[in-house]
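Report on the structure given below.
The values are calculated or read from the model by the stated rules, or taken from the named source; none is laboratory data. All of these numbers come straight from a predicted model, not from anything done at the bench. When we count neighbours, we look across all protein chains shown, and the Cβ atoms used for this are built from the backbone with ideal geometry, even at glycine.
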Amino acid sequence: MRMVDIISKKRDGAELTAEEIKFFVDGYTNGGIPDYQASALTMAIYFQDMSDREIADLTLAMAHSGKILDLSAIDGIKVDKHSTGGVGDTTTLVLAPLVASLGVPVAKMSGRGLGHTGGTIDKLESIKGFHTELSKEEFVHLVNKDKIAVMGQTADLTPADKKLYALRDVTATVDSIPLIASSIMSKKIASGADAIVLDVTTGAGAFMKNEKDAVRLAETMVRIGNHVGRRMMAVISDMSQPLGFAIGNAIEVKEAIDTLKGKGPEDLTELVLALGSQMVVLANRAPSAAEARKMLENALSNGTGLEKFKSFVANQGGDPSIVDHPENLPQARYKIDLPARSTGFVSEMVADQIGLAAMLLGAGRATKNDTIDFAVGILLKKKVGDQVVQGEPLATIYSNREDIEDVKEKIYQNITISDHCQAIKLIHKIITE
Ligand code: URA
Ligand code: CA
């Protein structure tokens, strides 16, 4: 087999065989196939697309390029949740303990943030002492004991994806449905979940800018998962504006705690309930999503979700006092209000740009090696649809530098105030297998 023949076959629009796909993935992972041939193939895939069968074969080849995590030592149906990315997306911090408090084992592998999207691990590390470098034995032990653990991605998980993602990032081939679907699903399959709930975001802050593409990506991933014997569900959720009010690390932890106390933002709470009820159903803990939702609402109002969050933090070395004393989280030196320049309704908040404004403060990374300032971020005071009077704060900026004209200007440029507005629908669609 020759790589050049595989490239020309895909370039001309033909379907690749499972053997050809495996030849490429293995060869690229072990260094036998050079970057220039891999980038030619990914560009051919970008333009010619792939069949479901090809995507499933690509996913499996990538999943098997490294170690597959064997979680069979965990009792029960392990359900994972994955988001395709967002701004201020605090969902996992609320969802994982809430679902675990109902007895569903949550064994979650999470990533760090890059660019305008934040990572769950970074947010958790804003809690003093919290660590996610668990051995497989510790991970399994914690999930069996307390139904919840979050660990960072191990170095030997899907090496093919690590290499390919870095290549796609610099060859303009990230936003390709077959490449995104296989990248995400290979990691989910390798990390051992039995059932997977996908939060596929759509809008300015997401990979998929419109609903049609988001639905196609979601359906593709659901089919891949089913094909390899995983139970699957997908929710298409809005990411045209940031989720909740907080965009940062420590301030998102605080937002998660407020939400577990039943005092969280409406959109974050709703998304948690929508995703959580699907997770509970897939874990066979409730007969219907409606029943599951009631159970989750109870766990919010009676504080069991919050208690689970506290023990989860303590289990992984973190300081649980932050639950009752959020002032023990890292605090920014300056809290600066951003007054509205006019009166009207907020009609647009461009999610990715607001995420980039938070990054300017130090809340995110521009490159993999940047360090994060956990204390800083943006706390929105208004969301799309809200009325605002000139001079009223649109947001409070948490900063460790005094001069933040650049950040203010970026936020102003990306919040529109008009004399009318349209409310945003949070959940666009739910896709079942
Ligand atoms: N997230 C991933 O893990 N992979 C992609 O290709 C896109 C988003
Ligand atoms: Ca948020």
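Can you find even one residue in the range 58-67 that is of a type in the set (A, V, I, L, M, F, W, C), over 22 Å from ALA218 (Cα atoms) and more than 16 Å from ligand 2 (Cβ to nearest atom)?
Looking through the range 58-67, none of the residues is of a type in the set (A, V, I, L, M, F, W, C), over 22 Å from ALA218 (Cα atoms) and more than 16 Å from ligand 2 (Cβ to nearest atom).
For the range 322-370, which residues satisfy the criterion of being assigned to a loop (DSSP other than H, G, I, E, B) and of a type in the set (D, E, K, R)?
Once the filter is applied, which keeps residues that are assigned to a loop (DSSP other than H, G, I, E, B) and of a type in the set (D, E, K, R), the range 322-370 yields ASP324, ARG333, ARG341, ARG365, LYS368, ASP370.
Just need a number here: residues in the range 400-433 that are exposed (fewer than 13 other Cβ atoms within 10 Å of the Cβ), in a strand (DSSP E or B) and aliphatic (A, V, I, L, M).
So the count comes out to 0.
Could you list, in sequence order, all residues of the range 238-264 that are over 13 Å from LEU93 (Cβ atoms) and within 13 Å of ligand 2 (Cβ to nearest atom)?
Once the filter is applied, which keeps residues that are over 13 Å from LEU93 (Cβ atoms) and within 13 Å of ligand 2 (Cβ to nearest atom), the range 238-264 yields MET239, GLN241, PRO242, PHE245, ILE247.
Considering each of ILE184, ILE177 in turn, give the residue that is touching a His at 6+ places or on another chain (Cβ under 7 Å), closer than 17 Å to HIS82 by Cβ and more than 16 Å from ligand 2 (Cβ to nearest atom).
Exactly one of ILE184, ILE177 is touching a His at 6+ places or on another chain (Cβ under 7 Å), closer than 17 Å to HIS82 by Cβ and more than 16 Å from ligand 2 (Cβ to nearest atom), namely ILE184.
Of all the residues that make up the range 82-110, how many are within 17 Å of ASN284 (Cα to Cα), touching a Ser or Thr at 6+ places or on another chain (Cβ under 7 Å) and within 16 Å of ligand 2 (Cβ to nearest atom)?
0
Looking only at the range 160-203, count how many residues are touching an Asp or Glu at 6+ places or on another chain (Cβ under 7 Å), near ligand 1 (Cβ under 8 Å from one of its atoms) and among the hydroxyl-bearing types (Ser, Thr, Tyr).
1
Of the conditions (1) touching a residue at least 24 places away in the same chain (Cβ under 8 Å); (2) away from ligand 1 (no atom under 16 Å from the Cβ); (3) part of a helix (DSSP H, G or I), PRO242 satisfies every one except a single condition; which number is it?
Going through the list (1) touching a residue at least 24 places away in the same chain (Cβ under 8 Å); (2) away from ligand 1 (no atom under 16 Å from the Cβ); (3) part of a helix (DSSP H, G or I), PRO242 breaks only (3).
Would you say VAL222 is among the hydrophobic types (A, V, I, L, M, F, W, C), at pLDDT below 95 and more than 16 Å from ligand 2 (Cβ to nearest atom)?
no
Scanning the range 210-239 for residues that are within 14 Å of ligand 1 (Cβ to nearest atom) and closer than 30 Å to LYS383 by Cα, which turns out surrounded by the fewest Cβ atoms within 10 Å (Cβ to Cβ)?
Among them, the one singled out is ASP213.
Can you tell me which of (1) assigned to a helix (DSSP H, G or I); (2) under 16 Å from THR92 (Cβ atoms); (3) in contact with an Asp or Glu (Cβ under 6 Å, 6 or more places away or on another chain); (4) not acidic (Asp, Glu) is the one ASN226 doesn't meet?
Result: ASN226 passes all but (2).
Quick check on my filter: what residues within the range 197-211 are within 13 Å of the chain's Cα centre (by Cα) and of a type in the set (A, V, I, L, M)?
Selection gives VAL197, LEU198, VAL200, ALA206.
Hey, any hits in the range 170-189 for a residue that's in contact with a Gly (Cβ under 9 Å, 6 or more places away or on another chain) and assigned to a strand (DSSP E or B)?
Within the range 170-189, not a single residue is in contact with a Gly (Cβ under 9 Å, 6 or more places away or on another chain) and assigned to a strand (DSSP E or B).
Return the residue satisfying two criteria in turn: it lies in the range 192-209 and is surrounded by 24 or more Cβ atoms within 10 Å (Cβ to Cβ) and more than 16 Å from ligand 2 (Cβ to nearest atom), and of such residues it is nearest to ALA61 (Cα to Cα).
Among those residues, the one meeting the criterion is ALA193.
Do we find a residue being surrounded by fewer than 21 Cβ atoms within 10 Å (Cβ to Cβ), on the phi < 0 side of the Ramachandran plot and among the aliphatic types (A, V, I, L, M) anywhere in the range 81-94?
no
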